[in-house]
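Read through the structure below, which is laid out as C-alpha coordinates, and then see the notes.
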Amino acid sequence: MKINGNGNRGNWGSRMGFILAASGSAIGLGNVWKFPYITGQNGGGAFVLVYLVCAIIIGLPIMLAEFTIGRNTFRNPVGAINSLRPNSPWVVVGFMGVLAGFLILSFYGVVGGWTIAYIVKSLGSNIAHFETPEKAGEFFGTFISNSSEIVVYHLAFMAICIGIVIRGIDKGIEKACNILMPALLVMLVLLMIRSLTLPGAFEGVKFYLAPDFSKITPEVVLIALGQAFFSLSLGMGCMITYGSYLSPKEDLATSALFVVIFDTMIALLVGMVIFPAVFAMGLEPAEGPSLVFSVLPAVFTQIPMGGFVAILFFILLTIAAITSGISLLEVVVAYFVDEKGWSRKKAVLFSSSIIFAFGVPSGLSFGSMSDVTWFGMTFFENVDNIASNYLLPIGGMLTAIFIGWVWSPLEAKKEIERHGGTFRFAGAWEFLIRYVSPIAVAIVFLAKIF
Ligand code: PHE
(Lines give C-alpha, C1' and ligand atoms only; values in the text may rest on other atoms or scores of the structure.)
Protein backbone atom coordinates (compact mmCIF):
# COMPACT_ATOMS: atom_id res chain seq x y z
CA MET A 1 0.00 0.00 0.00
CA LYS A 2 1.26 3.45 -0.79
CA ILE A 3 1.53 5.93 2.02
CA ASN A 4 0.31 9.32 1.04
CA GLY A 5 0.04 11.71 3.89
CA ASN A 6 -2.71 9.81 5.57
CA GLY A 7 -0.77 7.36 7.69
CA ASN A 8 -0.90 3.77 6.63
CA ARG A 9 -4.57 3.51 5.77
CA GLY A 10 -3.83 2.92 2.10
CA ASN A 11 -4.55 4.85 -1.09
CA TRP A 12 -5.98 4.25 -4.47
CA GLY A 13 -3.27 3.21 -6.90
CA SER A 14 -4.38 5.59 -9.63
CA ARG A 15 -6.95 8.19 -10.54
CA MET A 16 -8.80 5.83 -12.84
CA GLY A 17 -8.69 3.19 -10.11
CA PHE A 18 -10.50 5.54 -7.78
CA ILE A 19 -13.13 6.50 -10.34
CA LEU A 20 -13.74 2.85 -11.14
CA ALA A 21 -14.00 1.92 -7.49
CA ALA A 22 -16.38 4.77 -6.67
CA SER A 23 -18.44 3.92 -9.75
CA GLY A 24 -18.39 0.31 -8.63
CA SER A 25 -19.93 1.39 -5.35
CA ALA A 26 -22.57 3.44 -7.09
CA ILE A 27 -23.42 0.87 -9.75
CA GLY A 28 -25.19 -2.08 -8.20
CA LEU A 29 -28.53 -3.66 -7.54
CA GLY A 30 -29.84 -0.10 -7.37
CA ASN A 31 -29.18 0.33 -11.08
CA VAL A 32 -29.78 -3.15 -12.36
CA TRP A 33 -32.58 -4.38 -10.13
CA LYS A 34 -34.29 -1.36 -8.54
CA PHE A 35 -34.07 1.31 -11.27
CA PRO A 36 -35.87 -0.69 -14.01
CA TYR A 37 -38.68 -1.87 -11.77
CA ILE A 38 -39.27 1.58 -10.29
CA THR A 39 -39.18 3.06 -13.78
CA GLY A 40 -41.68 0.44 -14.90
CA GLN A 41 -44.00 1.27 -12.02
CA ASN A 42 -43.76 5.03 -12.42
CA GLY A 43 -44.54 5.60 -16.02
CA GLY A 44 -41.30 5.08 -17.92
CA GLY A 45 -39.81 8.05 -19.77
CA ALA A 46 -41.15 10.77 -17.48
CA PHE A 47 -39.67 9.07 -14.43
CA VAL A 48 -36.33 8.69 -16.19
CA LEU A 49 -36.30 12.42 -16.89
CA VAL A 50 -37.04 13.38 -13.27
CA TYR A 51 -34.44 10.90 -12.08
CA LEU A 52 -31.83 12.52 -14.34
CA VAL A 53 -32.60 15.98 -12.99
CA CYS A 54 -32.29 14.70 -9.39
CA ALA A 55 -29.00 12.93 -10.08
CA ILE A 56 -27.46 16.02 -11.64
CA ILE A 57 -28.82 18.82 -9.46
CA ILE A 58 -28.77 17.06 -6.09
CA GLY A 59 -26.65 13.93 -6.49
CA LEU A 60 -23.65 15.49 -8.20
CA PRO A 61 -23.09 18.34 -5.68
CA ILE A 62 -23.48 15.97 -2.71
CA MET A 63 -21.10 13.48 -4.32
CA LEU A 64 -18.47 16.23 -4.58
CA ALA A 65 -19.22 17.28 -0.99
CA GLU A 66 -18.61 13.74 0.27
CA PHE A 67 -15.36 13.32 -1.71
CA THR A 68 -14.15 16.65 -0.35
CA ILE A 69 -14.87 15.83 3.30
CA GLY A 70 -13.26 12.42 2.86
CA ARG A 71 -10.05 13.63 1.31
CA ASN A 72 -9.71 16.60 3.65
CA THR A 73 -9.92 14.42 6.72
CA PHE A 74 -8.91 11.00 5.36
CA ARG A 75 -11.29 9.39 7.77
CA ASN A 76 -14.43 7.31 7.92
CA PRO A 77 -17.64 9.37 8.24
CA VAL A 78 -17.54 9.48 12.06
CA GLY A 79 -13.85 10.46 12.24
CA ALA A 80 -14.25 12.90 9.35
CA ILE A 81 -16.96 14.96 11.02
CA ASN A 82 -15.20 14.69 14.36
CA SER A 83 -12.00 16.09 12.95
CA LEU A 84 -13.76 19.00 11.21
CA ARG A 85 -16.00 19.90 14.16
CA PRO A 86 -14.65 18.09 17.23
CA ASN A 87 -17.12 17.22 19.96
CA SER A 88 -20.08 18.63 18.08
CA PRO A 89 -23.46 16.94 17.64
CA TRP A 90 -22.68 16.68 13.92
CA VAL A 91 -20.88 13.43 14.63
CA VAL A 92 -24.34 11.89 14.68
CA VAL A 93 -24.36 12.25 10.87
CA GLY A 94 -21.28 10.03 10.76
CA PHE A 95 -22.84 7.43 13.03
CA MET A 96 -26.01 7.46 10.95
CA GLY A 97 -23.84 6.68 7.93
CA VAL A 98 -22.13 3.72 9.59
CA LEU A 99 -25.52 2.47 10.73
CA ALA A 100 -26.96 2.87 7.23
CA GLY A 101 -24.01 0.91 5.81
CA PHE A 102 -24.67 -1.84 8.31
CA LEU A 103 -28.41 -1.98 7.62
CA ILE A 104 -28.21 -1.72 3.83
CA LEU A 105 -25.56 -4.42 3.55
CA SER A 106 -27.62 -6.75 5.74
CA PHE A 107 -30.41 -6.97 3.14
CA TYR A 108 -28.28 -6.13 0.13
CA GLY A 109 -26.30 -9.30 0.86
CA VAL A 110 -29.52 -11.29 0.67
CA VAL A 111 -30.41 -9.96 -2.80
CA GLY A 112 -26.76 -10.40 -3.79
CA GLY A 113 -27.21 -14.02 -2.78
CA TRP A 114 -30.22 -14.33 -5.09
CA THR A 115 -28.12 -13.13 -8.00
CA ILE A 116 -25.44 -15.74 -7.31
CA ALA A 117 -28.15 -18.38 -7.05
CA TYR A 118 -29.51 -17.37 -10.45
CA ILE A 119 -26.11 -17.85 -12.06
CA VAL A 120 -26.14 -21.39 -10.72
CA LYS A 121 -29.77 -21.95 -11.73
CA SER A 122 -29.07 -20.80 -15.27
CA LEU A 123 -26.11 -23.16 -15.70
CA GLY A 124 -26.18 -26.25 -17.86
CA SER A 125 -28.41 -24.51 -20.39
CA ASN A 126 -31.32 -25.87 -18.36
CA ILE A 127 -33.49 -22.78 -18.13
CA ALA A 128 -36.74 -24.53 -19.01
CA HIS A 129 -38.08 -23.66 -15.55
CA PHE A 130 -38.16 -20.03 -16.71
CA GLU A 131 -40.16 -20.77 -19.84
CA THR A 132 -43.14 -18.48 -19.29
CA PRO A 133 -43.33 -15.41 -17.05
CA GLU A 134 -45.75 -17.34 -14.79
CA LYS A 135 -43.41 -20.30 -14.50
CA ALA A 136 -40.44 -18.03 -13.88
CA GLY A 137 -42.38 -16.11 -11.23
CA GLU A 138 -43.38 -19.32 -9.49
CA PHE A 139 -39.82 -20.57 -9.65
CA PHE A 140 -38.61 -17.36 -8.05
CA GLY A 141 -41.29 -17.55 -5.35
CA THR A 142 -40.35 -21.13 -4.48
CA PHE A 143 -36.68 -20.23 -4.43
CA ILE A 144 -36.94 -17.23 -2.10
CA SER A 145 -39.04 -19.17 0.39
CA ASN A 146 -36.43 -21.92 0.74
CA SER A 147 -34.69 -20.83 3.94
CA SER A 148 -31.56 -22.96 3.82
CA GLU A 149 -30.81 -22.19 0.19
CA ILE A 150 -31.27 -18.45 0.78
CA VAL A 151 -28.93 -18.47 3.77
CA VAL A 152 -26.23 -20.41 1.91
CA TYR A 153 -26.24 -18.01 -1.06
CA HIS A 154 -26.38 -15.02 1.26
CA LEU A 155 -23.31 -16.39 3.02
CA ALA A 156 -21.57 -16.93 -0.31
CA PHE A 157 -22.16 -13.31 -1.28
CA MET A 158 -20.85 -12.03 2.06
CA ALA A 159 -17.81 -14.31 1.84
CA ILE A 160 -16.83 -12.77 -1.50
CA CYS A 161 -17.16 -9.24 -0.08
CA ILE A 162 -15.13 -10.23 3.00
CA GLY A 163 -12.41 -11.73 0.81
CA ILE A 164 -12.07 -8.53 -1.18
CA VAL A 165 -12.33 -6.00 1.67
CA ILE A 166 -9.88 -7.89 3.88
CA ARG A 167 -7.17 -7.42 1.27
CA GLY A 168 -7.45 -3.66 1.63
CA ILE A 169 -7.79 -0.68 -0.59
CA ASP A 170 -5.43 -0.82 -3.53
CA LYS A 171 -4.88 -4.57 -3.41
CA GLY A 172 -8.46 -5.63 -3.00
CA ILE A 173 -11.18 -3.18 -3.90
CA GLU A 174 -9.38 -1.35 -6.65
CA LYS A 175 -8.04 -4.43 -8.41
CA ALA A 176 -11.46 -6.03 -8.37
CA CYS A 177 -13.10 -2.91 -9.82
CA ASN A 178 -10.43 -2.46 -12.47
CA ILE A 179 -11.49 -5.74 -14.03
CA LEU A 180 -15.14 -5.83 -13.09
CA MET A 181 -16.33 -2.42 -14.21
CA PRO A 182 -15.23 -2.52 -17.85
CA ALA A 183 -16.49 -6.12 -18.09
CA LEU A 184 -19.86 -4.95 -16.85
CA LEU A 185 -20.10 -2.22 -19.47
CA VAL A 186 -19.21 -4.58 -22.31
CA MET A 187 -21.75 -7.17 -21.15
CA LEU A 188 -24.50 -4.57 -20.93
CA VAL A 189 -23.83 -3.27 -24.41
CA LEU A 190 -23.98 -6.83 -25.79
CA LEU A 191 -27.23 -7.51 -23.96
CA MET A 192 -28.67 -4.24 -25.18
CA ILE A 193 -27.93 -5.13 -28.79
CA ARG A 194 -29.63 -8.51 -28.27
CA SER A 195 -32.60 -6.89 -26.62
CA LEU A 196 -33.03 -4.13 -29.21
CA THR A 197 -33.03 -6.60 -32.10
CA LEU A 198 -35.98 -8.60 -30.75
CA PRO A 199 -39.13 -8.14 -32.84
CA GLY A 200 -41.43 -5.61 -31.19
CA ALA A 201 -38.64 -4.08 -29.12
CA PHE A 202 -39.44 -0.57 -30.29
CA GLU A 203 -42.53 -0.30 -28.09
CA GLY A 204 -40.23 -0.75 -25.11
CA VAL A 205 -37.88 1.94 -26.34
CA LYS A 206 -40.85 4.29 -26.64
CA PHE A 207 -42.14 3.49 -23.16
CA TYR A 208 -38.67 4.03 -21.77
CA LEU A 209 -37.58 7.15 -23.60
CA ALA A 210 -40.68 9.10 -24.64
CA PRO A 211 -41.76 11.08 -21.56
CA ASP A 212 -45.46 11.30 -20.87
CA PHE A 213 -45.53 14.42 -18.69
CA SER A 214 -48.94 13.65 -17.28
CA LYS A 215 -47.22 10.85 -15.33
CA ILE A 216 -45.10 13.29 -13.31
CA THR A 217 -46.75 13.60 -9.89
CA PRO A 218 -45.17 14.73 -6.60
CA GLU A 219 -45.00 11.07 -5.63
CA VAL A 220 -42.99 10.24 -8.75
CA VAL A 221 -40.55 13.04 -7.97
CA LEU A 222 -40.07 11.71 -4.43
CA ILE A 223 -39.37 8.20 -5.61
CA ALA A 224 -36.92 9.47 -8.21
CA LEU A 225 -34.99 11.51 -5.65
CA GLY A 226 -34.77 8.60 -3.21
CA GLN A 227 -33.55 6.37 -5.99
CA ALA A 228 -30.85 8.91 -6.91
CA PHE A 229 -29.45 8.74 -3.36
CA PHE A 230 -29.51 4.98 -3.24
CA SER A 231 -28.07 4.52 -6.68
CA LEU A 232 -25.26 7.06 -6.25
CA SER A 233 -24.33 5.64 -2.81
CA LEU A 234 -24.94 9.01 -1.19
CA GLY A 235 -26.13 10.10 2.22
CA MET A 236 -24.25 7.59 4.33
CA GLY A 237 -20.62 8.58 4.04
CA CYS A 238 -19.72 5.87 1.58
CA MET A 239 -18.19 8.44 -0.74
CA ILE A 240 -16.55 10.15 2.27
CA THR A 241 -14.83 6.86 3.01
CA TYR A 242 -13.80 6.25 -0.61
CA GLY A 243 -12.64 9.88 -0.93
CA SER A 244 -10.51 9.42 2.17
CA TYR A 245 -8.20 7.10 0.26
CA LEU A 246 -7.67 9.66 -2.50
CA SER A 247 -4.40 11.51 -2.97
CA PRO A 248 -4.16 15.35 -3.10
CA LYS A 249 -3.15 15.16 -6.75
CA GLU A 250 -6.59 14.14 -7.92
CA ASP A 251 -9.22 16.45 -9.32
CA LEU A 252 -12.26 15.86 -7.10
CA ALA A 253 -14.80 17.72 -9.22
CA THR A 254 -13.96 15.82 -12.39
CA SER A 255 -13.95 12.53 -10.47
CA ALA A 256 -17.42 13.24 -9.07
CA LEU A 257 -18.68 14.12 -12.53
CA PHE A 258 -17.28 10.88 -13.98
CA VAL A 259 -18.88 8.74 -11.28
CA VAL A 260 -22.30 10.36 -11.73
CA ILE A 261 -22.04 9.94 -15.50
CA PHE A 262 -20.97 6.28 -15.22
CA ASP A 263 -23.70 5.40 -12.75
CA THR A 264 -26.37 7.14 -14.77
CA MET A 265 -25.13 5.62 -18.00
CA ILE A 266 -25.30 2.11 -16.55
CA ALA A 267 -28.81 2.66 -15.20
CA LEU A 268 -29.95 4.00 -18.58
CA LEU A 269 -28.27 1.09 -20.36
CA VAL A 270 -29.95 -1.45 -18.10
CA GLY A 271 -33.28 0.11 -18.99
CA MET A 272 -32.40 -0.30 -22.64
CA VAL A 273 -31.74 -3.98 -21.99
CA ILE A 274 -34.90 -4.60 -20.00
CA PHE A 275 -37.76 -2.57 -21.48
CA PRO A 276 -37.35 -3.52 -25.15
CA ALA A 277 -37.25 -7.16 -24.08
CA VAL A 278 -40.23 -6.82 -21.77
CA PHE A 279 -42.35 -5.22 -24.50
CA ALA A 280 -41.15 -7.58 -27.20
CA MET A 281 -42.50 -10.40 -25.03
CA GLY A 282 -45.78 -8.64 -24.28
CA LEU A 283 -44.95 -8.59 -20.58
CA GLU A 284 -45.91 -6.12 -17.87
CA PRO A 285 -43.35 -3.35 -17.12
CA ALA A 286 -44.90 -2.57 -13.73
CA GLU A 287 -44.18 -6.06 -12.42
CA GLY A 288 -42.37 -4.71 -9.32
CA PRO A 289 -39.34 -5.98 -7.39
CA SER A 290 -39.51 -9.38 -9.01
CA LEU A 291 -39.11 -7.89 -12.53
CA VAL A 292 -35.48 -8.87 -12.97
CA PHE A 293 -35.86 -12.27 -11.34
CA SER A 294 -39.12 -13.45 -12.82
CA VAL A 295 -39.61 -11.63 -16.11
CA LEU A 296 -36.11 -11.50 -17.53
CA PRO A 297 -35.38 -15.21 -17.13
CA ALA A 298 -38.56 -15.85 -19.10
CA VAL A 299 -37.29 -13.46 -21.72
CA PHE A 300 -34.02 -15.34 -21.89
CA THR A 301 -35.73 -18.60 -22.78
CA GLN A 302 -37.37 -16.92 -25.75
CA ILE A 303 -34.21 -15.76 -27.41
CA PRO A 304 -31.46 -17.64 -29.20
CA MET A 305 -28.65 -18.65 -26.86
CA GLY A 306 -30.91 -17.67 -23.97
CA GLY A 307 -29.15 -19.92 -21.46
CA PHE A 308 -25.90 -18.21 -22.22
CA VAL A 309 -27.46 -14.76 -22.06
CA ALA A 310 -29.03 -15.61 -18.71
CA ILE A 311 -25.74 -16.71 -17.20
CA LEU A 312 -24.07 -13.59 -18.56
CA PHE A 313 -26.76 -11.35 -17.15
CA PHE A 314 -26.68 -12.81 -13.65
CA ILE A 315 -22.90 -12.73 -13.57
CA LEU A 316 -23.18 -9.07 -14.45
CA LEU A 317 -25.73 -8.46 -11.72
CA THR A 318 -23.61 -10.28 -9.16
CA ILE A 319 -20.53 -8.25 -10.14
CA ALA A 320 -22.45 -5.02 -9.76
CA ALA A 321 -23.77 -6.13 -6.38
CA ILE A 322 -20.34 -7.14 -5.10
CA THR A 323 -18.68 -3.84 -5.99
CA SER A 324 -21.44 -2.07 -4.05
CA GLY A 325 -21.41 -4.58 -1.20
CA ILE A 326 -17.71 -4.03 -0.60
CA SER A 327 -18.22 -0.28 -0.38
CA LEU A 328 -20.96 -0.73 2.20
CA LEU A 329 -18.73 -3.04 4.23
CA GLU A 330 -15.79 -0.66 3.87
CA VAL A 331 -17.69 2.15 5.62
CA VAL A 332 -18.25 0.00 8.69
CA VAL A 333 -14.72 -1.43 8.57
CA ALA A 334 -13.08 2.00 8.21
CA TYR A 335 -14.93 3.12 11.32
CA PHE A 336 -13.43 0.32 13.43
CA VAL A 337 -9.96 0.70 11.87
CA ASP A 338 -9.81 4.50 12.35
CA GLU A 339 -11.78 5.04 15.51
CA LYS A 340 -11.07 1.88 17.43
CA GLY A 341 -7.58 1.18 16.10
CA TRP A 342 -8.47 -2.37 15.09
CA SER A 343 -6.55 -4.28 12.46
CA ARG A 344 -8.30 -4.43 9.10
CA LYS A 345 -8.71 -8.18 9.41
CA LYS A 346 -10.33 -8.02 12.82
CA ALA A 347 -12.61 -5.16 11.73
CA VAL A 348 -13.73 -7.03 8.61
CA LEU A 349 -14.38 -10.35 10.32
CA PHE A 350 -16.18 -8.81 13.27
CA SER A 351 -18.43 -6.43 11.38
CA SER A 352 -19.27 -8.79 8.54
CA SER A 353 -20.30 -11.60 10.88
CA ILE A 354 -22.71 -9.32 12.69
CA ILE A 355 -24.04 -7.87 9.43
CA PHE A 356 -24.55 -11.37 8.07
CA ALA A 357 -26.34 -12.55 11.20
CA PHE A 358 -28.56 -9.48 11.18
CA GLY A 359 -29.32 -10.13 7.51
CA VAL A 360 -30.59 -13.67 8.10
CA PRO A 361 -34.11 -12.58 9.15
CA SER A 362 -34.20 -10.43 5.99
CA GLY A 363 -33.37 -13.50 3.96
CA LEU A 364 -36.14 -15.46 5.66
CA SER A 365 -38.66 -12.66 5.13
CA PHE A 366 -39.95 -14.29 1.96
CA GLY A 367 -40.39 -17.71 3.51
CA SER A 368 -40.47 -18.89 7.11
CA MET A 369 -40.63 -15.32 8.46
CA SER A 370 -43.03 -13.85 5.93
CA ASP A 371 -45.73 -13.59 8.61
CA VAL A 372 -43.53 -11.73 11.06
CA THR A 373 -44.35 -8.08 10.40
CA TRP A 374 -44.10 -4.68 12.02
CA PHE A 375 -45.96 -1.67 10.63
CA GLY A 376 -47.35 -4.02 7.99
CA MET A 377 -43.89 -4.77 6.63
CA THR A 378 -41.60 -7.77 6.83
CA PHE A 379 -38.19 -7.60 8.47
CA PHE A 380 -36.60 -7.13 5.03
CA GLU A 381 -38.96 -4.31 4.11
CA ASN A 382 -38.50 -2.57 7.46
CA VAL A 383 -34.72 -2.57 7.25
CA ASP A 384 -34.82 -1.36 3.64
CA ASN A 385 -37.36 1.29 4.54
CA ILE A 386 -35.44 2.65 7.55
CA ALA A 387 -32.12 2.76 5.74
CA SER A 388 -33.12 3.81 2.23
CA ASN A 389 -36.08 6.06 2.93
CA TYR A 390 -34.94 7.71 6.16
CA LEU A 391 -31.23 7.40 6.88
CA LEU A 392 -29.98 8.18 3.34
CA PRO A 393 -32.10 11.25 2.57
CA ILE A 394 -31.60 12.72 6.06
CA GLY A 395 -27.89 11.90 5.92
CA GLY A 396 -27.52 13.53 2.51
CA MET A 397 -29.38 16.63 3.56
CA LEU A 398 -27.32 16.97 6.76
CA THR A 399 -24.08 16.46 4.82
CA ALA A 400 -25.06 19.28 2.47
CA ILE A 401 -25.96 21.54 5.39
CA PHE A 402 -22.76 20.60 7.21
CA ILE A 403 -20.51 21.49 4.32
CA GLY A 404 -22.50 24.53 3.19
CA TRP A 405 -23.17 26.15 6.55
CA VAL A 406 -21.04 24.56 9.26
CA TRP A 407 -17.67 23.61 7.80
CA SER A 408 -17.45 26.17 5.00
CA PRO A 409 -17.77 26.25 1.27
CA LEU A 410 -14.53 28.26 1.21
CA GLU A 411 -12.54 25.56 2.99
CA ALA A 412 -14.20 22.97 0.80
CA LYS A 413 -13.23 24.89 -2.31
CA LYS A 414 -9.61 24.98 -1.14
CA GLU A 415 -9.70 21.22 -0.74
CA ILE A 416 -11.30 20.75 -4.15
CA GLU A 417 -8.55 22.86 -5.71
CA ARG A 418 -5.70 21.16 -3.84
CA HIS A 419 -4.62 19.31 -7.00
CA GLY A 420 -3.55 22.68 -8.40
CA GLY A 421 -6.45 23.50 -10.73
CA THR A 422 -9.27 26.00 -10.45
CA PHE A 423 -12.78 24.82 -9.64
CA ARG A 424 -14.67 26.78 -12.23
CA PHE A 425 -18.12 25.87 -10.99
CA ALA A 426 -17.48 26.82 -7.37
CA GLY A 427 -20.26 29.41 -7.32
CA ALA A 428 -22.86 27.07 -8.78
CA TRP A 429 -21.78 24.25 -6.49
CA GLU A 430 -22.01 26.46 -3.41
CA PHE A 431 -25.51 27.54 -4.38
CA LEU A 432 -26.62 23.95 -4.97
CA ILE A 433 -25.11 22.61 -1.76
CA ARG A 434 -26.31 25.44 0.48
CA TYR A 435 -29.82 25.90 -0.85
CA VAL A 436 -31.01 23.54 -3.54
CA SER A 437 -29.94 20.16 -2.11
CA PRO A 438 -31.04 20.65 1.51
CA ILE A 439 -34.34 22.29 0.57
CA ALA A 440 -35.19 19.73 -2.08
CA VAL A 441 -34.47 16.83 0.26
CA ALA A 442 -36.38 18.51 3.08
CA ILE A 443 -39.41 18.82 0.81
CA VAL A 444 -39.13 15.17 -0.14
CA PHE A 445 -38.83 14.15 3.44
CA LEU A 446 -41.72 16.26 4.64
CA ALA A 447 -43.85 14.95 1.83
CA LYS A 448 -43.05 11.45 3.02
CA ILE A 449 -44.22 12.26 6.53
CA PHE A 450 -47.41 14.07 5.55
N1 PHE B 1 -25.42 2.40 -4.93
C2 PHE B 1 -25.58 1.01 -4.67
C3 PHE B 1 -26.48 0.40 -5.74
O4 PHE B 1 -26.98 1.10 -6.58
C5 PHE B 1 -26.11 0.73 -3.30
C6 PHE B 1 -25.41 1.48 -2.24
C7 PHE B 1 -26.08 2.41 -1.48
C8 PHE B 1 -24.03 1.29 -2.03
C9 PHE B 1 -25.44 3.14 -0.53
C10 PHE B 1 -23.37 2.03 -1.08
C11 PHE B 1 -24.06 2.96 -0.33
O12 PHE B 1 -26.73 -0.76 -5.73
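Partner aspartates and glutamates whose Cα lies under 15 Å from the Cα of Lys346, excluding those fewer than 8 positions away in the same chain, are identified as Glu330, Asp338. Solvent exposure of region 41-118 amounts to 25 Å² per residue of accessible area, where only protein heavy atoms count and the probe is 1.4 Å. The listed residues Val186, Val260, once ranked by accessible area (1.4 Å probe) with the largest placed first, stand as Val186, Val260.
Evaluated over the Cα positions of the chain, the convex hull gives a direction-averaged projected area, one quarter of its surface, of 19.9 nm². Among Lys175, Lys121, the order of accessible area from largest down is Lys175, Lys121, computed with a 1.4 Å probe on protein heavy atoms. Angle of helix 133-144 to the longest C-alpha principal axis of the chain, folded into 0 to 90 degrees and rounded to 10: 50°.
Legend: residues Arg418, Arg194, sorted from most to least accessible area (1.4 Å probe; ligands, DNA and RNA excluded), read Arg418, Arg194. Here, region 185-255 yields an orientationally averaged convex hull projection of 7.9 nm² when only Cα atoms define the hull. For region 311-328, the Karplus equation 6.51 cos²θ - 1.76 cosθ + 1.60, evaluated at θ = phi - 60°, returns couplings of 4, 4, 5, 6, 5, 4, 5, 5, 4, 4, 5, 5, 5, 7, x, 5, 6, 5 Hz by residue, with Gly and Pro reported as x. The relative contact order of the chain, computed from alpha carbon pairs under 8 Å that lie at least 6 residues apart in sequence, is 34 percent. Relative to the longest principal axis of the Cα atoms of the chain, the long axis of helix 392-401 lies at roughly 30 degrees.
Ligands, DNA and RNA excluded, the heavy atoms of Val436 present near 40 Å² of accessible surface to a 1.4 Å solvent probe. Normalising the average separation of contacting C-alpha pairs (under 8 angstrom, six or more residues apart) by the number of residues puts the relative contact order of region 313-400 at 14 percent. Positive contributions from Lys and Arg (+1) and negative ones from Asp and Glu (-1), summed over other residues with Cβ under 12 Å from the Cβ of Val93, come out at 0.
With K and R counted +1 and D and E -1, the other residues having a Cβ less than 15 Å from that of Ser352 yield a net charge of +3.
Taking the protein heavy atoms of region 192-325 in the context of the full set of protein chains, the accessible area attributed to carbon and sulfur is 73 percent at 1.4 Å. The solvent-accessible area of His129, taken with every protein chain present and a 1.4 Å probe, is close to 50 Å².
How far, in degrees from 0 to 90, does helix 252-280 lean away from the longest principal axis of the Cα atoms of the chain, to the nearest 10? Long axis of 252-280 versus the principal axis of the chain: about 10 degrees.
Output the pairs from Lys34/Lys215; Lys175/Lys206; Lys175/Lys345 with a Cα-Cα distance over 27 Å in this structure; if there are none, say none. Over 27 Å Cα-Cα: Lys175/Lys206.
Tell me the net charge near Leu29. Cut-off is 13 Å between Cβ atoms, Leu29 excluded, with +1 for each Lys or Arg and -1 for each Asp or Glu. Taking every other residue near Leu29 into account, the sum is -1.
Here the 3J(HN,Hα) profile of region 59-74, calculated from phi with Karplus coefficients 6.51, -1.76 and 1.60 at θ = phi - 60°, is x, 4, x, 6, 4, 5, 4, 5, 4, 5, 4, x, 6, 5, 10, 5 Hz, Gly and Pro shown as x.
Over the chain, DSSP H runs of length four or greater, each weighted -39,500 (n - 2.57), average out per residue to a 222 nm ellipticity of -21500 deg cm²/dmol. Measure off, as a whole percent, the carbon and sulfur share of the 1.4 Å-probe accessible area of region 70-167, all protein chains present. Carbon and sulfur together cover 65 percent of it. Distance between Cα centroids, region 294-358 to region 399-450: provide it in whole Å. A separation of 30 Å, based on Cα centres.
The values are calculated or read from the model by the stated rules, or taken from the named source; none is laboratory data. All values derive from a computational prediction rather than experimental measurement. For neighbour counting, all protein chains shown are included, and Cβ atoms are generated from backbone atoms with ideal geometry for every residue, glycine included. Only protein heavy atoms, including side chains, enter the accessible area calculation; ligands, DNA and RNA are left aside. Shrake-Rupley method; radii C 1.70, N 1.55, O 1.52, S 1.80 Å.
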